[in-house]
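Note sheet for the following structure.
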Amino acid sequence: MNELQNMLHESVSRLFEDELDWDALTRYEKVEWPESLWDKVIEQGIDKVLASESSGGIEASWSDAYPVLRACGRYTVPLPVSEAILGQWVARQSGAELPEGIPGLLTQGFSIQESKFSLNKSIVPWGSRCSYYMAIHDSELFILEAQKQEVETQNNLGRDPRDRISGEARILDRFPTNLDNDSLLYLGALVRSIQIGGASAAALDLAVTYASDREQFGRSLAKFQAIQHHLADLAGLVASVDAIAIAACARLDLSGITDDQRNARFEIAAAKCRASEAVEKITRLSHQIHGAIGFTYEYGLHFLTRRMWAWRTEYGGVAYWGQELGKLAVESGGNEIWPIITA
Amino acid sequence: MESIADKLRFDPCQLPDDLHLLRQEVRAFLTDELQEYSVVKRSHSWEAYDAEFSAKLGERGWLGMTLPKQYGGQGCSAFERYVVVEECLVAGAPTGFHWVADRQSGTLLTRYGNETQKKEIIPKITAGKACFCIGMSEPNSGSDLASLRTKAEKTENGWLVNGTKIWTSQAHRADYMIALFRSDPDPDKKHAGLSQFLIDLKKTRGITPRTIENLAGGKNFNEVSFVDVELPADALIGTEGEGWKQVTEELALERSGPERYLSCFYLLRELIDVLKDCANPAILAKIGTQVAWATTLRTMSLSIASQLHAGENPTLAASVVKDLGCQFEQSLPGLAQELCDLEPTLEGYGVPYQQILGNLIQIAPSFSLRGGTPEIMRGIIAKGMGIR
């Protein structure tokens with residue numbers, strides 16, 4: 001990690017570690033919206049790590065933002081921080097200024113006809129709390145008014161809002177963009193891959209600590225070879241998720257996602273496919289190592305595992321990204337797959 | 001804030017741009033060179049022995065690339081060698097003759113060999129004219145390598161060796177063996193009683209390899225008996241009693257390379273072609289997940305190459321990649337069989353895909369045996385995580 005990455009990693013981790021203990025996470029998912037934490041996120045400019053300087057950001061690279069996005073997974077931040085970060089990058093790419101408040105990213109369930117923008121059960125993270133929506137359509141970035149629509153509140157397995165929004169949305173602003181229609185989907189997939197890496201690492205840490213502390217048959221679980229092998233297996237999977245996610249960030253910094261020649265779309269697809277596939281075994285092993293205690297609400301492993309199960313399919317899961325890569329493979333032919341991997 | 005996963009970071013490595021040219025050059029060479037090569041032979045890759053091919057690679061300067069120039073090496077970075085090696089593996093080039101020499105013996109001799117050994121042997125390695133084998137496992141010492149019993153007794157003129165090695169690939173035709181023997185019989189010195197030796201197999205008497213046929217009919221590995229074998233004093237490599245440490249370093253080279261996930265890549269290529277008209281979403285997704293896995297493993301493997309290049313010791317990371325890579329490559333033949341009903345065939349029957357599948361299904365069990373089992377790898381990983 002470079003200096004900036006270290007600094008971001010430490011400051012963001014400190015904030016989330018202080019603010020998001022078991023009590024807070026429980027309160028936020030059962031009782032209240034974490035207003036004061038959101039204020040702190042804004043105050044520290046965490047949402048603007050990828051924003052342009054003119055928007056008050058630091059124009060960091062995705063590799064620099066990686067520790068921040070990973071911390072959102074590691075600490076199961078119950079706020080649309082990763083969505084806000086990626087929204088700012090999209091704005092920066094399109095020379096747009098975003099309004100204040102929480103952005104809602106539209107990746108599906110919308111249509112546009114004669115400058116009339118309609119949403120039809122569009123799934124929007126924290127939809128009911130959004131101040132505005134963002135959508136990309138035919139080389140234009142749309143900023144839309146988030147009011148007066150019909151909101152069907154719904155949470156994902158992590159108890160984070162994934163509201164369904166329907167109705168017409170007034171266009172507040174529009175900017176020409178070189179981003180493609182599916183750019184938000186790709187970027188969403190990337191941030192979820194990074195978050196899965198963070199949550200997986202936290203689950204691994206919990207599992208190692210638990211296995212070292214818990215004793216059965218007169219010795220700690222970590223002394224049993226079967227448990228050691230579970231932990232080693234788990235560690236390898238976590239490392240694989242992190243490795244391809246960080247590689248996708250590096251590729252995105254190097255070649256963007258719009259360049260016709262070579263861009264980060266392949267690595268992002270691979271990262272989300274790998275992360276989504278790995279979630280099944282990562283969650284299974286972390287629960288197995290924990291035994292029954294991990295299955296309780298009181299212990300808190302579930303804050304991580306429930307989110308991983310949700311993130312697994314958000315912005316495309318194994319079926320979607322696997323098919324994208326599978327189609328690419330068969331259409332390109334066996335001889336071309338290695339050149340694609342090494343390009 | 002401390003996290004176990006921080007010990008397992010795989011920072012992305014962007015290969016230097018100029019390596020692109022080297023890669024193109026290697027690809028063109030391999031396309032040309034392997035035209036007449038049978039597909040089944042290609043699926044053997046680094047176990048296929050072809051002295052002529054190795055000599056050609058040597059002529060090009062593509063063997064022992066990282067070894068020092070003064071001994072005939074190229075003095076290249078680890079990345080240049082990495083590119084040549086991964087291209088050879090993916091093309092299914094027959095690299096068995098030079099494989100061990102290029103991967104580990106040359107580096108070991110450069111580090112620990114004496115001047116005579118270096119001057120005489122390293123030029124042969126870089127020319128692709130020396131085939132090496134590794135004398136480690138014994139009939140009663142497999143995963144518990146340090147329990148080995150083949151002894152090297154000090155004599156007036158050198159060493160006297162008696163015992164047996166097993167699973168020694170290419171021993172029946174190799175030029176040299178680098179072997180680990182017990183040089184100190186003191187039972188209290190399990191690890192500290194071991195030393196490494198260089199043996200000229202063409203000139204030394206008393207060594208008898210007996211080829212062991214594998215389940216697929218292949219004849220690559222051997223049981224090698226040593227009966228009153230006399231070695232000169234300077235056959236010792238490095239320091240007496242430091243064999244275990246030296247071997248551990250050697251194993252890091254043996255476990256960290258791209259061959260640990262690419263053994264079945266040739267099959268993946270053929271499978272993709274067999275399924276070219278496939279529109280079944282579930283099958284396409286399965287192919288896609290394999291592509292994602294391969295891409296991930298390559299990222300990790302390349303990251304290890306860059307850690308080695310930076311002079312770090314990525315033992316933990318290398319064990320992780322070997323463990324994951326093995327899962328990937330070992331599951332591919334079975335998966336291919338599930339995705340497509342073209343039956344696996346013996347060499348000479350069926351289309352190329354069927355022959356490759358037939359071969360790899362049979363040899364896949366060895367992927368998790370050679371170079372350290374997953375059980376051993378996971379033990380190393382657990383230790384690296386501080387829980388063992």
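The residues of the stretch B:7-28 that are under 30 Å from A:GLU19 (Cα atoms) and more than 8 Å from chain A (Cβ to nearest Cβ) amount to a single one, B:LYS7.
Being small (Gly, Ala, Ser) and in a loop (DSSP other than H, G, I, E, B) is the filter; apply it to the stretch B:29-51 and report the residue that is farthest from the other protein chains (Cβ to nearest Cβ). Show your work before the answer.
Looking only at the stretch B:29-51, we keep the residues that are small (Gly, Ala, Ser), and these are B:38, B:43, B:45, B:48, B:51.
Then keep just the ones that are in a loop (DSSP other than H, G, I, E, B); that gives B:38, B:48.
On the way: B:SER38: 17, B:ALA48: 19 Å.
Out of the qualifying residues, it is B:ALA48.
Taking the stretch A:222-259 as the range and being among the aliphatic types (A, V, I, L, M), surrounded by fewer than 19 Cβ atoms within 10 Å (Cβ to Cβ) and either within 17 Å of B:PRO12 (Cβ to Cβ) or in contact with a Cys (Cβ under 6 Å, 6 or more places away or on another chain) (or both) as the test, only A:LEU254 passes. Could you check, for the stretch B:278-287, whether at least one of its residues is modelled with pLDDT of 90 or more, away from every other protein chain (no Cβ under 12 Å) and either within 20 Å of the chain's Cα centre (by Cα) or closer than 15 Å to A:ALA270 by Cβ (or both)? No, the stretch B:278-287 has no match at all. When the helices (runs of 4 or more DSSP H) confined to the stretch A:224-333 are screened for residues that are within 11 Å of another protein chain (Cβ to nearest Cβ) and farther than 25 Å from B:GLU375 by Cβ, those reaching at least 2 such residues are found at A:225-255, A:265-290, A:318-332.
Residues in the stretch B:346-388 that are hydroxyl-bearing (Ser, Thr, Tyr), crowded, with 17+ Cβ neighbours inside 10 Å and over 30 Å from A:LEU206 (Cα atoms) were compared, and the one that is farthest from the other protein chains (Cβ to nearest Cβ) is B:SER366.
If I filter the stretch B:204-221 for residues that are touching a Pro at 6+ places or on another chain (Cβ under 6 Å) and among the β-branched types (Val, Ile, Thr), do I get at least one hit?
So in the stretch B:204-221, the residues touching a Pro at 6+ places or on another chain (Cβ under 6 Å) come out as none.
Checking the stretch B:204-221: not a single residue is touching a Pro at 6+ places or on another chain (Cβ under 6 Å) and among the β-branched types (Val, Ile, Thr).
Against the definition (touching a Gly at 6+ places or on another chain (Cβ under 8 Å) and in contact (Cβ under 8 Å) with a residue 60 or more places away in the chain), how does B:LEU271 come out, yes or no? Criteria met by B:LEU271. Counted as qualifying within the stretch A:143-199 are the strands (runs of 3 or more DSSP E) with 1 or more residues that are crowded, with 22+ Cβ neighbours inside 10 Å and not assigned by TED's automatic domain parsing to the domain that holds A:SER286, namely A:162-169. If you go through the stretch B:126-159 and pick out every residue that is touching a Phe, Trp or Tyr at 6+ places or on another chain (Cβ under 9 Å), within 25 Å of B:GLU86 (Cβ to Cβ) and part of a strand (DSSP E or B), you end up with 2. Give the residues of the stretch B:109-125 that are touching a Leu at 6+ places or on another chain (Cβ under 9 Å) and either farther than 20 Å from B:ALA171 by Cα or part of a loop (DSSP other than H, G, I, E, B) (or both), sorted by residue number. B:THR110, B:GLY113, B:ASN114, B:LYS118, listed by residue number. Comparison of A:ALA248, A:ALA239 shows that the only residue that is more than 30 Å from A:GLU97 (Cα to Cα) and within 26 Å of the chain's Cα centre (by Cα) is A:ALA239.
When B:LEU316, B:LEU335, B:LEU308 are checked against the criterion of being of a type in the set (A, V, I, L, M), in contact with a Gly (Cβ under 6 Å, 6 or more places away or on another chain) and either crowded, with 19+ Cβ neighbours inside 10 Å or outside any loop (DSSP other than H, G, I, E, B) (or both), a single residue qualifies: B:LEU316. Just for the stretch B:186-204: of the residues that are assigned to a loop (DSSP other than H, G, I, E, B) and touching an Asp or Glu at 6+ places or on another chain (Cβ under 8 Å), which one is nearest to B:ILE363 (Cα to Cα)? Looking at residues that are assigned to a loop (DSSP other than H, G, I, E, B) and touching an Asp or Glu at 6+ places or on another chain (Cβ under 8 Å), I get B:LEU201.
Scanning the stretch B:304-317 finds no residues that are in the same structural domain as B:SER366 (by TED's automatic domain parsing), over 24 Å from B:ILE178 (Cα atoms), acidic (Asp, Glu) and touching a helix residue (DSSP H, G or I) at 6+ places or on another chain (Cβ under 8 Å).
Among the residues of the stretch B:276-304, just one is surrounded by 24 or more Cβ atoms within 10 Å (Cβ to Cβ), over 15 Å from B:CYS264 (Cα atoms), among the β-branched types (Val, Ile, Thr) and free of Cβ contacts under 8 Å to residues at least 60 places away in the same chain, namely B:THR296. Under 23 Å from A:ARG306 (Cα atoms), modelled with pLDDT of 95 or more, outside the structural domain of A:ARG307 (by TED's automatic domain parsing) and not in a loop (DSSP other than H, G, I, E, B): is that true of A:ILE123 in this structure? Considered against the rule, which asks whether it is under 23 Å from A:ARG306 (Cα atoms), modelled with pLDDT of 95 or more, outside the structural domain of A:ARG307 (by TED's automatic domain parsing) and not in a loop (DSSP other than H, G, I, E, B), A:ILE123 comes out as yes. Is it the case, given these coordinates, that B:GLU2 is modelled with pLDDT of 95 or more and within 30 Å of A:ALA232 (Cβ to Cβ)? For B:GLU2, the condition - modelled with pLDDT of 95 or more and within 30 Å of A:ALA232 (Cβ to Cβ) - is not met.
Being touching a strand residue (DSSP E or B) at 6+ places or on another chain (Cβ under 8 Å), touching a residue at least 12 places away in the same chain (Cβ under 8 Å) and over 18 Å from A:THR283 (Cα atoms) is a condition met by at least one residue of the stretch A:184-201.
Of all residues in the stretch B:338-352, how many are part of a helix (DSSP H, G or I) and at pLDDT 95 or above? Even if it seems obvious, please write down each step before you answer.
If we filter the stretch B:338-352 for residues that are part of a helix (DSSP H, G or I), which is where we start, we get B:338-339, B:352.
Of the ones still in play, those that are also at pLDDT 95 or above are B:338-339.
Adding up the residues that qualify gives 2.
The values are calculated or read from the model by the stated rules, or taken from the named source; none is laboratory data. Computed from a prediction, not measured in an experiment: that's the story for all the values here. Here the Cβ is made from the backbone with ideal geometry for all residues, glycine too, and neighbour counts use every protein chain on show.
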